[in-house]
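I have placed the structure first, in the form of structure tokens, so that the comments after it can refer back to it.
The values are calculated or read from the model by the stated rules, or taken from the named source; none is laboratory data. Just so we're clear, the structure is a prediction, and the values are computed from it rather than from any experiment. Ideal geometry is used to build each Cβ from the backbone, glycine not excepted, and the neighbour counts take in all protein chains shown. Remember, those area values only see protein heavy atoms, side chains included, never the ligands or the DNA or RNA. Shrake-Rupley method; radii C 1.70, N 1.55, O 1.52, S 1.80 Å.
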Amino acid sequence: MTMSATASQRVGAGIGAVDSPLLTLEGIAGRPVSNTRRALRRFFQQRLAVAGLLITGFLILVAVLAPVLAPTSMEAADLMSANQFPSAEHPFGTDAIGRDVLTRVMFGTRTSLIVGFAAVGIACAIGIPLGLAAGLRGGWVDFAVMRAVEVMVAFPGILFAMFLVTVIGGGVQNIILAIGVTTWVTLCRLTRSQLLTLREQEFVQAARSLGVPEARIAVRHMLPNAMAPLIVAVTLGIPTAIFAEAGLSFLGIGINEPTPSLGKMVADSAQYIRVYWYLGVFPTAAIALAMLGFTFVGDGLRDALDPRHN
Amino acid sequence: MARYILGRLLGLVFVLFAVSLITFLLTRAVPGDPFASGERELPEATQIARAEKYGFDQPILVQYGRYVWNVLHGDFGVPFQSPSQTVVDLIRDTWPVTLRVGALTILISYPLGIVLGLLAALHRNSWVDYAVTFGSTLGMVLPNFVVAIWLILLFSVGLGWFPSGGWGSPAHIVLPVIAYSLLPTALVARYTRVSLLESLGADHVRTARAKGLAERKVLVWHVARNAMIPFVTIMIPEIPNILTGSIFIEQVFRLPGLGRFFVTSTLTRDYPMILALVLLVAVVWGITYLLTDILYTWLDPRIRLL
Amino acid sequence: MIVKQPFRPQLPNDDPRDPAAIARRIALMERRMRRRSLLGGTLGLAGLAAFGGGLRFGPAAARAQEASLPDDAAPADQQVYVVPSGTGPDKTPDFYESVYERVSDGASDLFSDPLVRLNRNFEIIPAAALDWSSNDEGTVWTFNLEPALMWNDGNPVTANDWVRTFQYGADPAHAWDFTWFFQGVMAGWDEAIAGEIPLEELGVREGENPNQLIVETQAPAPFLPAMLLYSTPLSAAALDEHGPLYNSNPETSVSAGPFMLDEWAVDQRVVYVANPDYMGSLIVPVQRVVIKLAEPSTWFIMYQNDEIDFMVNPAPADLVIAQAEFPDQIYSAVGDFRTHYLFFDVTQPPFDSLEVRQAFSHAIDRDAIKAQILGPAGIPAYSWLAPGFPAANSDGLAEIQAFDPDRAKELLAAAGYDDPSTFPAQTLQVRNPTPLVSAVSQATAAMLRENLGIQVEVQDVDQDTFMDALTAKPTEILLGFVSYGMDFLDPYNMLSVWLSGGRHSWANEEFDTLVREGASFIGEADERIEIFQNAERILVEDVPGVFIYHETPVQLIKPWVLGEFKEPDANGIAAMHWPGYSAMSTVPAELYIGADAPVGRGDS
């Protein structure tokens, strides 16, 4: 079971989510990619996509400006005002050692987005090249890559995360590495299945019969057509990674305090929410917002990039 | 096809070797003694005696070789955390609990999700559609350990309808299945909706309609079959996930299932159990992927297996 | 101090050579025979004897007849006590198989009587040993055993059972997780665990008869009887027949204690039922103990739902609910005199500087931690030994590590860190924290940041990794947060944690000498205490650790659990006594289930 599978159902979900409908082996028939401007126009014509972009932009803004926007510094803890319910002074309340929850949600958003983007970046860096190799070369390369995928699916991700954290330390970068290294499987399978389908498409066959070199077909004709589902997968992989971090935090394999992350806040709140509900509600809401934002953007991108709409 | 399947199964054997070797090395690389070191430092003599007792004093490849040899003879070892049983006993005792809850979850969530997704797709942009979209987003966002706690507070502590946890009677299974079902229901609804919409708009469906096929026939055959492909891709791999359980749900509801061993075995450095679970997952996923690929060729004859 | 006279505050006339005692024992055996002949065999004859403090000890076999239960008690078939216990490696119910991987910390070691017990006033009282004495040097200890004790397979409990149990503990092939306990104490132990001498040469043997056990020590060991709280024997016959895990399975389980194993569903529950053949001295009203194995985070909901009768250490938020909804069910106990503390690797910079360590010790406001986080779960600590523990000197040592942020800054500057930002960033490693410990450790780190101006991160580390890193030589933890609770009630036990070459890297010859001297000191008790107090002063002044709080475990106990434990003890504490519902303490005799208890609590 992968970390994703074990660490939480949630993470498994993400994996599913990443295998977006467009993988659909079906579907991306058609011509080389349409021009960017038209795709952009189509994207901005969708209300939900724009809303998603606004949400995502807002979160990124909060993350970047957290040191400026937050009411207190990230480390500040005033034990004497611990466990305060939301008030004018502390709009999101304070936690068990007197830290301002709004501050922590802001810095937590920052950490979680970094984890999300970076882990997905690692997953892309491993998964897409392997998927390309498997899909393009086929044969034994494909067989080997797919067996590697099966190895990774069974790979004990928690053990690996624990190895990184205990041997190197509980820094953000190790959590990112642990998540990235165990979640490339989805992107790899997606890329490969895209190419397998595209290989059989009429326009690729046509190019081939015209004598266009195989490498050129791959780069000019196949990759652009495979981009749409990959972009979707990447946007959806970000919340997935955020949840994976939450899962690891719940197991006590998390980022060192006082650096907050949304996942860790939700996990830590489990023991407190019956009284101090706000400790769980606000970070959960922030994760939900991120999930919504990235999902809407992903859906919008898919529709905008789908060549059939040309 | 037979040759293909045989090749895949041989590949699986290779996968089992690879993953067990990697895991074996990783278990030894992670610091921490597999046996409670307790509060005080153990005398050196005892530490040495312990290493000898479990063969940890041997070179690591010798240890691995011995493990493989034993496994080939059907001996997966004795779990450090429960030495009065074998690893096989422990899995045999606990997996059925997880399987039962998981199977029920699949039986409830998949049909429910399909119906919801269907309703949403057929009434696109109506309030039904929005409700399903909103609900499924919520289902994907709420962490299941939070949902589980609220379910217990509401239905057990508050209303007293169900026990707060444990195992043994049908009443014990209700809340865990609800907690487990939330996510797959949401996912199935979401993907059913999206793939149906895709499929409804696809060229060949439009062609079929143009050719005058009765609407129902279009729906049932072309649409459903096309919608199946993404569904198979996304939801079939969820099944092994569900059937191997989740520590969060099992801990909160005190289910004596297999799911938490994926975590607890790691935390307690229970080497034999970690390895057995890794092998089990590799087999379950290997077979799932194989079945998925075979299903593809059946759903879309254009797809060739290599 | 040598106990030359048999030490038996509770049971008079128990000298086996006393004619009256012999007569009593004969009567006992007869009763036993008669009882065995009764169908069902659970009814015995009333033979109650009430002893000090209302504690009910009986010669034997007189437990839990309906006639003997108080008026407000539930009938015998509803004398069911339900407790939770954490999941995790549950290898055995037996101490000598594994201490840290024993099932059920809630109710344990009930399958045989230890040589001695710890009563609620923290006195060592006779249990399986009716009396004990030592030679003049304090190195050869003779325990006279209760001859009536029987295993429920029909074998008598004899000195040989203890001999085999101690030998098993020392057996290198077993590699017990508690071998350190008798290291340096029991004659031959250190050689036996290293496999250098045969187990038969271990300093434990049968005396003049099968009911006399002799234990030899390497040096005078006045604390030996206190240590032998942990002496619930295994059955020699069962060890031979079924091996050391015989108590993991009801079919092979053998008991000479108040309970026997009825069911063990791994990671679900363990059920004990009263042992009708029990011949020991506890009179136990409870007929059935159900241990529900569950994550501690789920206990509070089970408690609220009436699914368990007792729990310990609710999470902070759960305690808030308890205080609001059922404050009368909250008990504050003494527990194992556990101290939670920050420690340094004093061999490494920057903590090789005493001034730096002192700066840390003055930077932590324990009173604020008590007020805002601990509540009833702990009291501020400025020294190692908790109040009430023998040789504790809390008031006398309170000023040494007192909270004084100004002095803390001065000391840090004096250590060469005028500019605190030049102090190397630290990671405080915390051992597997509960929500409470997590909050305390994070507040501690926040105070270090705030009051010293240095960088401190907090990393939670799982138990195995942490202990491995801590005890590695050299230690791999520069700055950590951990706790220690007593094993036995003697200053030597708590202070020995800090001996050179032990748990921590701190080494202080003067301290070592004093602790060793105190340990084997034979003479006036006051003098011995003073030696230990001098040692503790060195410990506190040299600051290898900053002591944060002494744990006073919070117990939640349902109102239908009644009995002696609710009355204040000699120390004014009304709660269940450590080590809990175990044959090592008198708790099993101190409680019964009231008539208003909901029925069916132990069913699932």
Margin query: So, in the stretch A:234-264, how many residues would count as being open to solvent by 20 Å² or more (accessible area, probe 1.4 Å) and of a type outside the set (S, T, N, Q)?
Written below: 4
Checklist line | Matching option when the condition is under 17 Å from residue C:279 (Cβ atoms) and charged (D, E, K, R), among C:123, C:146 | finding: C:146
Next item on the list: Give B:32, B:11 a once-over and let me know the one that is surrounded by 14 or more Cβ atoms within 10 Å (Cβ to Cβ), away from chain C (no Cβ under 14 Å) and either within 29 Å of residue C:183 (Cα to Cα) or of a type outside the set (Val, Ile, Thr) (or both).
Entry: B:11
Margin query: If I filter the stretch C:284-304 down to residues being more than 10 Å from chain B (Cβ to nearest Cβ) and part of a strand (DSSP E or B), which single residue comes out as surrounded by the fewest Cβ atoms within 10 Å (Cβ to Cβ)?
Written below: C:288
Checklist line | Within the stretch B:39-53, considering residues that are assigned to a helix (DSSP H, G or I) and among the acidic types (Asp, Glu), the one surrounded by the fewest Cβ atoms within 10 Å (Cβ to Cβ) | finding: B:44
Margin query: Go through (1) away from chain B (no Cβ under 14 Å); (2) in contact (Cβ under 8 Å) with a residue 60 or more places away in the chain; (3) outside any loop (DSSP other than H, G, I, E, B) for residue C:495 and report which single condition fails.
Written below: (1)
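Residue by residue, here is whether (1) surrounded by 15 or more Cβ atoms within 10 Å (Cβ to Cβ); (2) touching a helix residue (DSSP H, G or I) at 6+ places or on another chain (Cβ under 8 Å); (3) part of a helix (DSSP H, G or I) holds:
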| site | (1), (2), (3) |
| --- | --- |
| B:26 | yes, yes, yes |
| B:55 | no, yes, no |
| B:81 | yes, yes, no |
| B:100 | yes, yes, yes |
| B:107 | no, no, yes |
| B:119 | yes, yes, yes |
Notebook entry, point to check: Can you name the residue in the stretch C:347-382 that is surrounded by 23 or more Cβ atoms within 10 Å (Cβ to Cβ) and in contact with a His (Cβ under 9 Å, 6 or more places away or on another chain) and is also farthest from residue C:494 (Cα to Cα) among such residues?
Noted result: C:378
Margin query: Suppose the filter is in contact with a Phe, Trp or Tyr (Cβ under 7 Å, 6 or more places away or on another chain) and open to solvent by 60 Å² or more (accessible area, probe 1.4 Å); does residue B:127 pass it?
Written below: no
Note to self: Being at pLDDT 85 or above and aliphatic (A, V, I, L, M) is true for just one of A:151, A:165. Which residue is that?
What the structure shows: A:151
Item checked: Count of the stretch A:112-140 residues which are among the hydrophobic types (A, V, I, L, M, F, W, C), surrounded by fewer than 23 Cβ atoms within 10 Å (Cβ to Cβ) and modelled with pLDDT under 90 -> 5
Margin query: Here is a check on your reading of the model: is residue C:479 under 27 Å from residue C:379 (Cα atoms) and over 26 Å from the mean Cα position of the chain (by Cα)?
Written below: yes
Checklist line | Single residue of C:523, C:453 found to be more than 10 Å from chain B (Cβ to nearest Cβ), open to solvent by 10 Å² or more (accessible area, probe 1.4 Å) and under 28 Å from residue A:259 (Cβ atoms) | finding: C:453
Item checked: Residue within the stretch C:316-333 that is modelled with pLDDT of 95 or more, closer than 28 Å to residue C:390 by Cα, surrounded by fewer than 23 Cβ atoms within 10 Å (Cβ to Cβ) and of a type in the set (A, V, I, L, M) present -> yes
Notebook entry, point to check: What number of residues within the stretch C:548-588 are open to solvent by 10 Å² or more (accessible area, probe 1.4 Å) and either aromatic (Phe, Trp, Tyr) or part of a helix (DSSP H, G or I) (or both)?
Noted result: 4
Next item on the list: Report, by residue number, each residue of the stretch B:244-271 that is open to solvent by 10 Å² or more (accessible area, probe 1.4 Å) and of a type in the set (Lys, Arg).
Entry: B:254, B:260
Next item on the list: Looking for whichever is closer than 18 Å to residue B:284 by Cβ and either of a type in the set (Asp, Glu) or outside any loop (DSSP other than H, G, I, E, B) (or both) here; the options are B:6, B:10. Which one fits?
Entry: B:10
Next item on the list: For the stretch A:65-86, enumerate the residues that are open to solvent by 50 Å² or more (accessible area, probe 1.4 Å) and part of a loop (DSSP other than H, G, I, E, B).
Entry: A:71, A:73, A:75, A:78, A:84, A:85
Next item on the list: Only one of these is in contact with a His (Cβ under 7 Å, 6 or more places away or on another chain), closer than 29 Å to residue A:141 by Cβ, modelled with pLDDT of 80 or more and part of a helix (DSSP H, G or I): A:207, A:241. Name it.
Entry: A:207
Checklist line | Enumeration of residues in the stretch C:305-315 that are open to solvent by 30 Å² or more (accessible area, probe 1.4 Å) and within 11 Å of another protein chain (Cβ to nearest Cβ) | finding: C:305, C:306
Next item on the list: Examine the stretch B:297-305 for a residue that is at pLDDT 70 or above, more than 10 Å from chain A (Cβ to nearest Cβ) and either in contact with a helix residue (DSSP H, G or I) (Cβ under 8 Å, 6 or more places away or on another chain) or in a helix (DSSP H, G or I) (or both), and state whether such a residue exists.
Entry: yes
Check: Would you say residue C:487 is surrounded by 20 or more Cβ atoms within 10 Å (Cβ to Cβ), at the interface with another protein chain (Cβ under 10 Å from one of its Cβ atoms) and in a loop (DSSP other than H, G, I, E, B)?
Finding: yes
Item checked: Test result for residue C:168, in contact with a Phe, Trp or Tyr (Cβ under 8 Å, 6 or more places away or on another chain) and within 14 Å of another protein chain (Cβ to nearest Cβ) -> yes
Note to self: Restricting to the stretch B:272-286, give me the number of residues that are open to solvent by 20 Å² or more (accessible area, probe 1.4 Å), touching a residue at least 60 places away in the same chain (Cβ under 8 Å) and of a type in the set (Val, Ile, Thr).
What the structure shows: 1
Notebook entry, point to check: From the list C:263, C:251, which one is within 14 Å of chain B (Cβ to nearest Cβ), part of a strand (DSSP E or B) and either of a type in the set (D, E, K, R) or out of contact with any helix residue (DSSP H, G or I) (no Cβ under 9 Å at 6 or more places or on another chain) (or both)?
Noted result: C:263
Item checked: Candidates A:203, A:243 - the one that is closer than 22 Å to residue B:140 by Cα, in contact with a Pro (Cβ under 8 Å, 6 or more places away or on another chain) and aromatic (Phe, Trp, Tyr) -> A:243
Next item on the list: Of all residues in the stretch B:141-195, count the ones that are part of a loop (DSSP other than H, G, I, E, B) and under 23 Å from residue C:292 (Cα atoms).
Entry: 12
Checklist line | Residue among C:330, C:369 that is within 14 Å of chain A (Cβ to nearest Cβ) and in contact with a helix residue (DSSP H, G or I) (Cβ under 6 Å, 6 or more places away or on another chain) | finding: C:369
